[in-house]
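Below: one structure, written as structure tokens.
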Amino acid sequence: MKRNKLAIVLGLATMSYAVAHAQMPTVTIDPSRHGNLASAQESVISAYSRVTEAQRDNNAHLGGHAQRAKELLEQANQEIGLAADQADANQGEAAPPPSSSGAPPAATPAPVNINISGNWTIYAYNVAQPGSSLKQVQISQDGNVLTGNFRGPNQKGHLQGWINGNHVEFSTDTHDVLTFRGEVTADGMSGMYGIHGDHAPWKAQRN
């Protein structure tokens with residue numbers, strides 16, 4: 001009897017640890033190149049966040065099915081990313097026409113990533129009602145990978161994303177997942193953000 005109780009306790013502890021430390025999927029696809037696939041990744045992230053919240057509401061007592069669903073969502077996110085990679089490869093197979101001079105076309109230089117590490121204040125229009133709100137983000141940048149923290153009027157959590165040249169995108173690991181997409185300019189950042197399929201403008205200034 002004691003052994004059974006110990007096994008149950010260990011099992012619950014393991015599930016709770018998995019809920020707390022699971023790696024949330026991120027949007028890794030440039031929507032300007034593959035809009036549908038980027039939107040699909042955004043939907044996966046939203047579903048993953050909802051399942052995580054359900055685990056917390058039920059103290060992870062969901063028979064392991066929710067955790068398995070999250071693992072499948074992680075795999076789906078990876079497969080969507082691979083689909084975008086394949087699409088890029090397909091486009092690369094089409095050789096550009098030779099120039100009139102006969103010289104090979106010049107190679108396109110890789111975009112230089114702008115460093116956006118630091119603290120930012122986001123001014124965002126509300127999606128569901130008139131008005132706007134302030135949000136705070138702390139961003140750390142390693143190459144083109146972004147991590148950090150998000151704080152809004154009603155929720156807070158981690159964030160993950162990427163930057164490619166001056167194009168930036170990051171999503172929040174919160175109950176209601178927000179995905180910010182935009183461009184980095186001399187004045188800060190600006191673009192559109194999405195929540196539950198709705199979108200509104202945002203801009204940010206470094207603190």
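Every number in this text was worked out from the coordinates using simple rules, so none of it is lab data. All values derive from a computational prediction rather than experimental measurement. Cβ: placed from backbone, ideal geometry, glycine included. Neighbour counts: every protein chain shown.
Taken over region 110-161, the alpha-carbon convex hull comes to 97 cubic angstrom per residue. Straightening the chain between Ala128 and Glu53 buys 24.8 nm, computed as 0.36 nm per residue apart minus the Cα-Cα spacing. Length gained on full extension, Ala83 to Arg33, computed as 0.36 nm times the residue gap minus the Cα-Cα distance: 16.8 nm.
Sorted largest first, the principal axis extents computed over the alpha-carbon atoms of region 152-207 equal 32, 24, 19 Å. The label-point distance for Asn166 and Asn149, in a model that sets each label 7 Å from Cα toward Cβ, rounds to 3.1 nm.
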